[in-house]
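Q: Take this structure, written in structure tokens, and hold onto it; I'll ask about it next.
The values are calculated or read from the model by the stated rules, or taken from the named source; none is laboratory data. Computed from a predicted structure; not experimentally measured. Glycine also receives a Cβ, built like all others from the backbone with ideal geometry; neighbour counts cover every protein chain displayed. In case anyone asks, the SASA skips ligands and DNA or RNA and just uses the protein heavy atoms, side chains included. Shrake-Rupley method; radii C 1.70, N 1.55, O 1.52, S 1.80 Å.
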There are 4 protein chains.
Amino acid sequence: MSGNTIGRLFSVTTFGESHGPAMGCIVDGCPPGLPLSEADLQQDVDRRRTGTSHFVSQRREADQVRILSGVFEGHTTGTPIGLLIENEDQRSRDYAAIKDSFRPGHADYTYWAKYGIRDYRGGGRASARETAMRVAAGAIARKILGETIRIRGALVQMGPHKVDRAKWDWSAIEDNPFWCPDRQMAQQWEGFLDGVRKAGNSVGAVIEIVAEGVPVGWGEPIYGKLDADLASAMMGINAVKAVEIGAGLAAAALTGAENADEMRMKDGKVAFLSNNAGGILGGISTGQDIVVRFAVKPTSSILLPKKSVDAHGKEIEVQTKGRHDPCVGIRAVPVGEAMMAAVLADHMLRHRAQRG
Amino acid sequence: MSGNTIGRLFSVTTFGESHGPAMGCIVDGCPPGLPLSEADLQQDVDRRRTGTSHFVSQRREADQVRILSGVFEGHTTGTPIGLLIENEDQRSRDYAAIKDSFRPGHADYTYWAKYGIRDYRGGGRASARETAMRVAAGAIARKILGETIRIRGALVQMGPHKVDRAKWDWSAIEDNPFWCPDRQMAQQWEGFLDGVRKAGNSVGAVIEIVAEGVPVGWGEPIYGKLDADLASAMMGINAVKAVEIGAGLAAAALTGAENADEMRMKDGKVAFLSNNAGGILGGISTGQDIVVRFAVKPTSSILLPKKSVDAHGKEIEVQTKGRHDPCVGIRAVPVGEAMMAAVLADHMLRHRAQRG
Amino acid sequence: MSGNTIGRLFSVTTFGESHGPAMGCIVDGCPPGLPLSEADLQQDVDRRRTGTSHFVSQRREADQVRILSGVFEGHTTGTPIGLLIENEDQRSRDYAAIKDSFRPGHADYTYWAKYGIRDYRGGGRASARETAMRVAAGAIARKILGETIRIRGALVQMGPHKVDRAKWDWSAIEDNPFWCPDRQMAQQWEGFLDGVRKAGNSVGAVIEIVAEGVPVGWGEPIYGKLDADLASAMMGINAVKAVEIGAGLAAAALTGAENADEMRMKDGKVAFLSNNAGGILGGISTGQDIVVRFAVKPTSSILLPKKSVDAHGKEIEVQTKGRHDPCVGIRAVPVGEAMMAAVLADHMLRHRAQRG
Amino acid sequence: MSGNTIGRLFSVTTFGESHGPAMGCIVDGCPPGLPLSEADLQQDVDRRRTGTSHFVSQRREADQVRILSGVFEGHTTGTPIGLLIENEDQRSRDYAAIKDSFRPGHADYTYWAKYGIRDYRGGGRASARETAMRVAAGAIARKILGETIRIRGALVQMGPHKVDRAKWDWSAIEDNPFWCPDRQMAQQWEGFLDGVRKAGNSVGAVIEIVAEGVPVGWGEPIYGKLDADLASAMMGINAVKAVEIGAGLAAAALTGAENADEMRMKDGKVAFLSNNAGGILGGISTGQDIVVRFAVKPTSSILLPKKSVDAHGKEIEVQTKGRHDPCVGIRAVPVGEAMMAAVLADHMLRHRAQRG
């Protein structure tokens, strides 16, 4: 396989540019007999969609997912599932002005240097629109994982402002446009982000994804470790610059005595007294919650002018007009959940293969 | 391929348990015609070896690497390179006492739960000894990359103590037992770590790996991004809990105006004015230094007693006697370099395949 | 990757059922900068299309291929190429009668037993319609290979009737509906196949695919040998039961003295005096023509009644009414060419990766 | 992974040259808990070993297989199994005379052209000695498959002389040095092969491998079909030029009425009335015997002089002195069995992954 596939047994291959005719993906390896409808996918795709608040960009597309194969009479058949989203909003904008410009912080320059050619309209292949397919595939992964495994994500930091973990309330995340689990912080963010947006600027964010109910034993050491695959999946999301498992970076400052998650028995089962490991030891799930965090850099498209160069080696100033997200991290929450689901589904099948 | 292989074109498959007869690996996909000797590999393997200071554990093994194939008359032939390290130090220790115990923070419990059986001697497959093979393979990767690409690593934080970046001096790293680039901090660490060791405790660390000279264009979006593959490779090193690229976690707190690496022309080439991106945009190298950091948790084997359980569901106390590293992160430096080299060599070949 | 992908660097992943809404594929790893249009693909797809003579089944579909991504301003961009063919001919036939029946020689029983569910309409995923995507992908592979490599196929045996190799004329294959290189035999086949069709029966065939201009050196021993990959690609075509390289099965009856292809120098280049090897030695191309043959079994859908069973364990008689090909091997010719092209393009990139 | 690995979940990666220090392999993905000893492997390796009769070459090596990892206290642990065979017979022969010669029918020229360098001693990487590792890995595969699946091979044709299928007797294969299931033909072959050997010539052969007890449902369409994977595995064995499944090439000459394997119920199970399909329909096992045949070309190393060229472009005559097998197909029988076992074990795990 080449570079546009993720997963070994539950595998997802995507295609599509931001302003091409359509985007799509092939989800392969899905077990047969699972109930699946377009509505199941649409629900998750809608969660990441643009245009749901004034904090995410105003491109208005239906992002209607069609299932083209692999589902028969409402159930998966075990054959590959083809998914398609037609791009409706292919405005006949005049891209001539920007087609040779390299926007700082974007992949314009690297795509051009790597391939010698690029679809410059709206970011082309590097556009975050591609993540819509990940979310759709993630919805299928959730079906495979079943209802005992619950995957949820939250924004835990916006710019310099972190949530208060003592105030964590999962029910809050549906009540604000930021997936913020701290109601008080959500209010504060609202004003903060409005200011950022009005200044034509942007901010970064940290997202936390938690998977509950994952049994002990998933993960394939040494080079298919569960945490390594999660790190790859999360780092591969647009604009991500860091990935942490459990205590993460903070583990470096801990002593061995502080960091070790002690174990006791509870109701005949192994129970950990803490979760610095983030639910993974030796690359294998421990049965505790899997906890992954990732940092998203601030949106690169900003109104403020930045120094750059163009394809002809001319020094220019770049200023992005039009719609943009002041905090692209917000929309990364459903994407992170989808990647968690995809990695776990893959490892569920991999574990089943070896252990029966 | 199954879980013990890393890399697509430059691929490394390892085997071996800590106290089995031998460890080895197969390096496949290496271009033919490169000069290669056992001494080339030994040099790097020796850098991570145990017993080089009282800050790393005292297991004394020669760790002699043999090349069993793929090299003829001093040059690689393009066929797979088989490497072997015999395990000399297989003490007939009495492991009976610990064979059913799960050491907190170790993979004892997860291996046992996953496989139903485990080689409990010295960590078995989960032992850091496996990384010797990574280092040997990394030395081959460096040969492929050639001399224009330079990969170096440093310990930038030990426990809570970070180096002062203003004092960064690459030449210092060979002069202290910590790979510390800040001579002053190296002295401070010495006392600090002695205290940790005497207390029977341990500390975590942060390692930074820098690759200079990587050309623009390497990396295979969307699911083979250079940063995603680096994240996977680093997170897969024993005890790693976080991976950062460039500004990393700190990018979350930046604004778009602060974070964007502006571009100018210099000597007819694109020159960036900063490197928050860590040398990667859109999953593709920018031509700047590739900068990766990873956090290693404190050694789990400590003298202080910790609560645990055993394979029979009995609650126990675990206390690790004998040799152990007070800061296992120190030995992770050459391993991180090797993983960087392996990932880059793989992407060099992948890029060449598509671009000629 | 899971089971619906072929190729490592030039990789093709397909989806789609015979009577679902659409079929499609993702072609990944294609080098950038190649001129490519929908017309390029359509030309090859039309060659395998149904309804072109009364010797192939009468399903009349446009089989219009759309390029959904990976091509910009008439050139490939190096990003994945999404292809789609909408299924127009989804007749609202009453399949109720046959939905639980297992047609002998078809995959009905095995799909049902494997997955517990199947799309029974027109063969579902096992339909030869899937090969349209292979042909489209093969057209892209040809672009990668360039004009110095020429791939052509011919039907060399229909039922018991073989072509006379002394009368081989490549120009003849376009002049008869069988891709027959022997004009005289083509005429004989016409009467023969009419008889078979009128009897409600079918016959098998042998197809030969020849690739001229392949340079010495492609193929990746030991487990990525060029002949092994060709064998897999050809055997994976619907209804294929045998694959031969060069002298093939006949090599078993030869002596070493007869079989060896002797070498001389000609115009400063190595020239072989025969080609029993079919252009491959040790899994690597020799620079001679690559010659592959494969046998296609007779179409399983025939008017004559056959004993079978159904999903309820009832013994039944199955008789296939309606359109069918009396010799399905005819349409396998362009498919075999496409598989040859795909395998060669993959190995061209793999060789380039290792050798530069 | 690169080219020296076969299998996706049960994967085997080999290394080693004929006259290097050692050959080895890594068997990955093996389920834990299976009893396994070196004796289990040795038994199969001995079956293919040289020197067992005057019909196979007289290189006398112990070919002692060592297990270096992945087995603990007599059972597999689920971690990779490292295997090693030291090469004892590295005679300090003077290869200078032949080091630049290309033996016709061998891979000398293609390896040299592909890599620009080759280990010319005894065939190097292209030597059939590599198949010893396949056989060892195949023995592990058999353990995974368990005792209900039985894999046996036989030589069914030597030169032009085919066995009489009416006289097929599996018990005969252990009683003659050819794995011949027809006692009468075995006697005839003895005289025939003696004549071939004395003439300094060689002959080809056809091998048939049969797997009994494989359940319905294994195989992963469209590009991981069981027959496609078997074709690749068998074609990848040294000197193989053709692979057939079931009726194979003969299917081309059959009519649909003759070829279809009709079905009836027997003891509540589906029973086929014939097995032209060779146990595979649509790429999925039917529950019947899996029947694969492959043709091996005559040994290329013969005493008779043949025209060739050398690395300097000089025209030469090549004549192979010393030990050689007059019919290399004999030793391919255990190798074919091993490849069947490896492919089936892989598909058993793949099926289990998707179906649970």
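Q: Output the residues belonging to the range C:293-348 that are at positive phi and in contact with a strand residue (DSSP E or B) (Cβ under 9 Å, 6 or more places away or on another chain). First the steps, then the outcome.
A: We begin by selecting, within the range C:293-348, every residue at positive phi; these are C:313, C:322.
Listed by number, the list holds a single entry, C:GLY313.
Q: Another question, if that's okay. Of the residues B:GLY236, B:GLY268, B:GLY256, B:GLY248, which single one is free of Cβ contacts under 8 Å to residues at least 24 places away in the same chain, open to solvent by less than 10 Å² (accessible area, probe 1.4 Å) and within 8 Å of another protein chain (Cβ to nearest Cβ)?
A: B:GLY256
Q: Next question. If you go through the range C:212-258 one residue at a time, how many are among the acidic types (Asp, Glu) and in contact with an Asp or Glu (Cβ under 6 Å, 6 or more places away or on another chain)?
A: Here is the first cut: in the range C:212-258, the residues among the acidic types (Asp, Glu) are C:212, C:220, C:227, C:229, C:244, C:258.
If we keep only those that are in contact with an Asp or Glu (Cβ under 6 Å, 6 or more places away or on another chain) as well, we get C:212.
Residues meeting the conditions: 1.
Q: Related question: Six or more apart or on different chains, Cβ atoms under 8 Å: show the pairs whose first residue is in the range A:335-348 and under 9 Å from A:LEU230 (Cβ atoms) and at pLDDT below 95 and whose second is of a type in the set (Val, Ile, Thr) and surrounded by fewer than 24 Cβ atoms within 10 Å (Cβ to Cβ).
A: Every condition considered, no pair remains.
Q: On the basis of being more than 8 Å from every other protein chain (Cβ to nearest Cβ), assigned to a helix (DSSP H, G or I), open to solvent by 20 Å² or more (accessible area, probe 1.4 Å) and over 30 Å from B:LEU273 (Cβ atoms), does A:MET340 make the cut?
A: no
Q: Same structure again: For the range A:161-170, does any single residue satisfy the condition of being crowded, with 24+ Cβ neighbours inside 10 Å and part of a helix (DSSP H, G or I)?
A: Checking the range A:161-170: not a single residue is crowded, with 24+ Cβ neighbours inside 10 Å and part of a helix (DSSP H, G or I).
Q: Quick check on the range B:310-317. Is at least one of its residues closer than 22 Å to A:ALA242 by Cβ and among the aliphatic types (A, V, I, L, M)? Break it down into steps so the answer makes sense when it comes.
A: In the first step, residues of the range B:310-317 are kept if they are closer than 22 Å to A:ALA242 by Cβ; the result is none.
Among the residues of the range B:310-317, not one is closer than 22 Å to A:ALA242 by Cβ and among the aliphatic types (A, V, I, L, M), which makes the answer no.
Q: Would you mind telling me which numbered condition in (1) within 8 Å of chain B (Cβ to nearest Cβ); (2) surrounded by 24 or more Cβ atoms within 10 Å (Cβ to Cβ); (3) closer than 30 Å to B:VAL309 by Cβ A:ALA353 fails?
A: (1)
Q: When you check D:ILE245 against the structure, is it among the β-branched types (Val, Ile, Thr) and under 15 Å from C:ASN238 (Cα atoms), yes or no?
A: In short, yes.
Q: Can you name the residue in the range C:123-148 that is open to solvent by less than 20 Å² (accessible area, probe 1.4 Å) and of a type in the set (Val, Ile, Thr) and, of all such residues, is nearest to D:ILE284 (Cα to Cα)?
A: It comes out as C:THR131.
Q: Just to be sure I understand the filter: pairs with C-beta atoms under 8 Å, separated by 6 or more residues or on different chains, first member in the range D:284-300 and free of Cβ contacts under 8 Å to residues at least 40 places away in the same chain, second member outside any loop (DSSP other than H, G, I, E, B). Which pairs pass?
A: D:GLN288/D:PHE272
Conditions tested, residue by residue: (1) more than 10 Å from chain A (Cβ to nearest Cβ); (2) surrounded by fewer than 24 Cβ atoms within 10 Å (Cβ to Cβ); (3) under 24 Å from the mean Cα position of the chain (by Cα).
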| position | (1), (2), (3) |
| --- | --- |
| B:ILE280 | no, no, yes |
| B:GLN288 | yes, yes, yes |
| B:ALA295 | no, no, yes |
| B:PRO298 | no, no, yes |
| B:ILE302 | no, no, yes |
| B:LYS306 | no, yes, no |
| B:ALA311 | yes, yes, no |
| B:GLU317 | no, yes, no |
| B:LYS321 | yes, yes, no |
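Q: Which residue pairs have Cβ atoms closer than 8 Å, lie 6 or more positions apart in sequence or on different chains, and pair a first residue in the range B:199-225 that is at the interface with chain A (Cβ under 7 Å from one of its Cβ atoms) and at positive phi with a second residue that is of a type in the set (Gly, Ala, Ser) and buried (at least 24 other Cβ atoms within 10 Å of the Cβ)?
A: B:GLY217/B:SER285
Q: Quick one: C:GLU88 ticks every box in (1) more than 30 Å from A:CYS25 (Cβ to Cβ); (2) open to solvent by 50 Å² or more (accessible area, probe 1.4 Å); (3) assigned to a loop (DSSP other than H, G, I, E, B) except a single one, so which number is it?
A: With respect to (1) more than 30 Å from A:CYS25 (Cβ to Cβ); (2) open to solvent by 50 Å² or more (accessible area, probe 1.4 Å); (3) assigned to a loop (DSSP other than H, G, I, E, B), C:GLU88 is out only on (1).
Q: Also, I was wondering about something else. For the list (1) facing another protein chain (nearest Cβ under 8 Å); (2) touching a helix residue (DSSP H, G or I) at 6+ places or on another chain (Cβ under 8 Å); (3) farther than 28 Å from B:SER300 by Cα, I need the number of the one condition that A:VAL196 fails.
A: Going through the list (1) facing another protein chain (nearest Cβ under 8 Å); (2) touching a helix residue (DSSP H, G or I) at 6+ places or on another chain (Cβ under 8 Å); (3) farther than 28 Å from B:SER300 by Cα, A:VAL196 breaks only (2).
Q: So the check is Cβ under 9 Å with 6+ separation or different chains; which pairs have a first residue in the range A:144-170 that's within 29 Å of A:ALA345 (Cβ to Cβ) and a second one that's open to solvent by 50 Å² or more (accessible area, probe 1.4 Å) and assigned to a strand (DSSP E or B)?
A: A:THR148/A:GLU212; A:ILE149/A:GLU212; A:ARG150/A:GLU212; A:ILE151/A:GLU212; A:ARG152/A:GLU212; A:VAL156/A:LYS162
Q: Let me ask something else. Anything in the range A:11-32 that is within 15 Å of A:VAL343 (Cβ to Cβ) and in contact with a Cys (Cβ under 7 Å, 6 or more places away or on another chain)? List them, or say none.
A: Selection gives A:VAL12 alone.
Q: Name every residue in the range B:271-283 that is in contact with a Gly (Cβ under 7 Å, 6 or more places away or on another chain) and over 18 Å from B:VAL210 (Cβ atoms), in order of residue number.
A: B:GLY283 - this is the single residue of the range B:271-283 that is in contact with a Gly (Cβ under 7 Å, 6 or more places away or on another chain) and over 18 Å from B:VAL210 (Cβ atoms).
Q: Within the range C:1-35, how many residues are modelled with pLDDT of 95 or more, over 18 Å from A:GLY24 (Cβ atoms), more than 14 Å from chain D (Cβ to nearest Cβ) and buried (at least 19 other Cβ atoms within 10 Å of the Cβ)?
A: 2
Residues checked against (1) away from chain C (no Cβ under 14 Å); (2) small (Gly, Ala, Ser); (3) in a helix (DSSP H, G or I):
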| site | (1), (2), (3) |
| --- | --- |
| D:ALA113 | no, yes, yes |
| D:ARG118 | no, no, no |
| D:GLY124 | no, yes, yes |
| D:GLU130 | no, no, yes |
| D:MET133 | no, no, yes |
| D:ALA137 | no, yes, yes |
| D:GLU147 | yes, no, no |
| D:ILE151 | yes, no, no |
| D:GLN157 | no, no, no |
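Q: Could you please find all residues in the range D:297-329 being charged (D, E, K, R) and more than 17 Å from C:LEU281 (Cβ to Cβ)? Quick ask: steps written out before the conclusion?
A: Within the range D:297-329, the first condition is being charged (D, E, K, R), and the residues that meet it are D:297, D:306-307, D:310, D:314-315, D:317, D:321, D:323, D:325.
D:LYS314, D:GLU315, D:GLU317, D:LYS321, D:ARG323, D:ASP325, listed by residue number.
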